[in-house]
1. Among the numbered conditions (1) charged (D, E, K, R); (2) modelled with pLDDT under 90; (3) in a helix (DSSP H, G or I), tell me where R218 comes up short.
2. Say we look at region 421-445 and pick out the residues that are crowded, with 18+ Cβ neighbours inside 10 Å and basic (K, R); which of these is nearest to E367 (Cα to Cα)?
3. Among the numbered criteria (1) under 30 Å from G414 (Cβ atoms); (2) at pLDDT 85 or above, which single criterion is violated by R164?
4. Output the number of the condition that L418 fails; it satisfies all remaining conditions of (1) in a helix (DSSP H, G or I); (2) surrounded by 18 or more Cβ atoms within 10 Å (Cβ to Cβ); (3) modelled with pLDDT of 90 or more.
5. Only one of these conditions is not met by Y73: (1) hydroxyl-bearing (S, T, Y); (2) touching a residue at least 40 places away in the same chain (Cβ under 8 Å); (3) in a helix (DSSP H, G or I). Which number is it?
6. If G267 satisfies all but one of (1) assigned to a loop (DSSP other than H, G, I, E, B); (2) more than 23 Å from the chain's Cα centre (by Cα), what's the number of the condition it fails?
7. Anything in region 441-453 that is of a type outside the set (A, V, I, L, M, F, W, C) and out of contact with any strand residue (DSSP E or B) (no Cβ under 9 Å at 6 or more places or on another chain)? List them, or say none.
8. Starting from residues that are in contact with a strand residue (DSSP E or B) (Cβ under 6 Å, 6 or more places away or on another chain) and surrounded by fewer than 22 Cβ atoms within 10 Å (Cβ to Cβ), keep the ones in region 370-386 and report whichever is farthest from A285 (Cα to Cα).
Amino acid sequence: MATIRFFKHYIRVPYLMLGIFEFLILLAAVYAAAHLRYFDHIQHIPRYIGPLLPRALTFASFMILAMIAMGLYQSQLREGLPGILLRLSVSFIVGTVGLSILFYLFPAIFFGRGVLSIALFISFIGISAARAVFLQVVDESLLKRRVLVLGAGERADHFSRLRRRSDQRGFQILGFIHIQGEKDAVDSSRIIQLDRPLVEKCLELEVDEIVVAVNDRRKNFPVHELLDCKLNGIDVVDALTFFERETGKVMLELLSPSWLIFSDGFGRSSLRSTLERGFDITISAIILIFVWPLLAITMLAILIEDGFRAPILYRQVRVGQEGKPFQVLKLRSMSVNAEKDGAQWAQKNDSRVTRVGSIIRKLRIDELPQIYNILRGDMSFVGPRPERPEFVTHLSESIPYYDERHRVKPGLAGWAQLNYPYGSSDKDAAEKLQFDLYYVKNHSLILDLLIIIQTVEVVLFGKGAR
């Protein structure tokens, strides 16, 4: 399964093609709906509802964004067809609500309830059928890259973690090449003992890509054989780059300073900083316009539950960019004396959480006052979640490269929050750091937009909230 890199973020070509095909289905649905609605007066359609193309493009764009927000273009999506149809239904509801708001604000582009209803029905049926076919085709070997792993030791054994079918949607592992002098850790049934030059074996197996997972490249490393493979059109990548591309995270167990130095990413420029700051201010201002009534209602609910003398906001010191501390603002969701025994991780079904707090934490409403932190410049809208100094000190000592997540501003939404549930242990922090490092390395406005859109799924389904 081929991938392309768009603004440093990996995109799988089959899912890109699926998105384009479904966009065309949505466009065609509007045209079909207009012709069905005005079957007897097709020639008068432009007079009845106006030009169809801009209306069809608006409809298709809103529905595709809603589908992205529901995670329907994630290659790691593990639900079968029933789960996908559920997500598709929710995305159509979200998209219809968004279109309704747009049509209310700009009534001139509305094309009528009859055409809209028919277009929704046709596109839902069409996309459901496309998804059913795609699910059958995407797991076929013809669409997967044929991968041969060079090495069968400890580094190569990390491939055993990719057990689920969804983890291996993009590739098929053909086997592991034994390296002389290296102790094998992979299942012996999957190890290939070379009886001919590597390039001949690769051509025989129709290998698309070799992943280098050798424990020690200073000994018995087949440089010339890999060069022969490369010159014969076979891609050669190291294991860490492979896992970064396939999993969307930087694996700590394989990470070395030399890889960080020589890999691409980690770019900075004054233009990028200016654009990101403008993006943060614009998005925060737009959201604030829409959510201030919700903030007011939530504040009143907190006062009613805990009394009018109880604090509404909760201020807490967090670690920001380059390790600088700042005070983060949140709506108080725990009892007033929640941390009388000192700082501690929030747990599942935490007894310190109030009744109002359990609701606003589930819907992430308690995080909304951090828009003020974004407008002040303490945070960005997207970035690693800011942690408390007490936790940062401990985690920096126990987890390698933990401080690297502070190279960018912390964020209200983030890549780690999308890909990993709420963490309450050192192990969880290490897992989330791998996603944070991916973001720090590859962050761009395009990736930020993708994270913001997909955060809708997190809020609607309450993923990872405690």
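The values are calculated or read from the model by the stated rules, or taken from the named source; none is laboratory data. Computed from a predicted structure; not experimentally measured. Neighbour counts run over all protein chains shown; Cβ positions are idealised from the backbone, glycine included.
1. That leaves (3) as the condition not met.
2. K432
3. Failed condition: (2).
4. The single condition L418 does not satisfy is (3).
5. The failed condition is (3).
6. Answer for G267: the failing condition is (2).
7. Residue satisfying the conditions is K441 alone.
8. D378
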